[in-house]
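Below you'll find the structure, written out as structure tokens, and then a few comments.
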Amino acid sequence: MTTPRNRTEACPIEEFMDMLRGRWKVFILWELIQAPRRSGELRKSIPPVTQKVFVEQLRDLEDNGLVKRTVFPTVPPRVEYEVTKLGQSLRGILKDMCHWSSANIEKIRECRRTRRLELVEK
């Protein structure tokens, strides 16, 4: 019988996955790695997402030290997001994930099709 671990005993990969959990965080992070963006510009550069979820995902990235939010004292206030040095360190990982996906997506799709056919035939 295994004993459940508490958060302080979580393995590093579990912590990493928790940090990037959320459908839009990787998209947001990738866009900010390319260049700082204003909120509206950033939101338009990723797939459609509700304002509520967009803000939640940005706040989580900020809480984890991957994104920095700057409010400029103008009227109306201008908000800009940029990736931190820590966030920038994920560039290679995200790039490798993209390359892996591009190289393997057809194999994955074929496996999915085969599996669906197997399930239908049962």
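The values are calculated or read from the model by the stated rules, or taken from the named source; none is laboratory data. This is a predicted model, so every value here is computed, not measured. Note: ideal-geometry Cβ built from the backbone for every residue, glycine included; neighbour counts use all protein chains shown. Surface accessibility is based on the protein's heavy atoms, side chains included, excluding ligands, DNA and RNA. Shrake-Rupley method; radii C 1.70, N 1.55, O 1.52, S 1.80 Å.
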Seminar exercise, completed: Filtering segment 64-74 down to residues that are outside any loop (DSSP other than H, G, I, E, B) and under 16 Å from Leu90 (Cα atoms) yields Val67, Lys68
For this session: Could you list, in sequence order, all residues of segment 85-122 that are surrounded by 11 or more Cβ atoms within 10 Å (Cβ to Cβ) and either touching a Lys or Arg at 6+ places or on another chain (Cβ under 7 Å) or not in a helix (DSSP H, G or I) (or both)?
Result: Ser89, Leu90
For this session: Consider Pro47 carefully, then state whether it is assigned to a loop (DSSP other than H, G, I, E, B) and open to solvent by less than 70 Å² (accessible area, probe 1.4 Å).
Result: yes
Exercise. For Glu56, all conditions in the list (1) within 18 Å of Trp30 (Cα to Cα); (2) open to solvent by less than 70 Å² (accessible area, probe 1.4 Å) hold save one; what is the number of the exception?
Worked result: (2)
Problem set entry | Leu61 vs. criteria assigned to a helix (DSSP H, G or I) and open to solvent by 80 Å² or more (accessible area, probe 1.4 Å) | no
Exercise. What are the residues in segment 10-46 that are charged (D, E, K, R) and within 17 Å of Cys98 (Cβ to Cβ), if any?
Worked result: Arg23, Lys25, Glu31
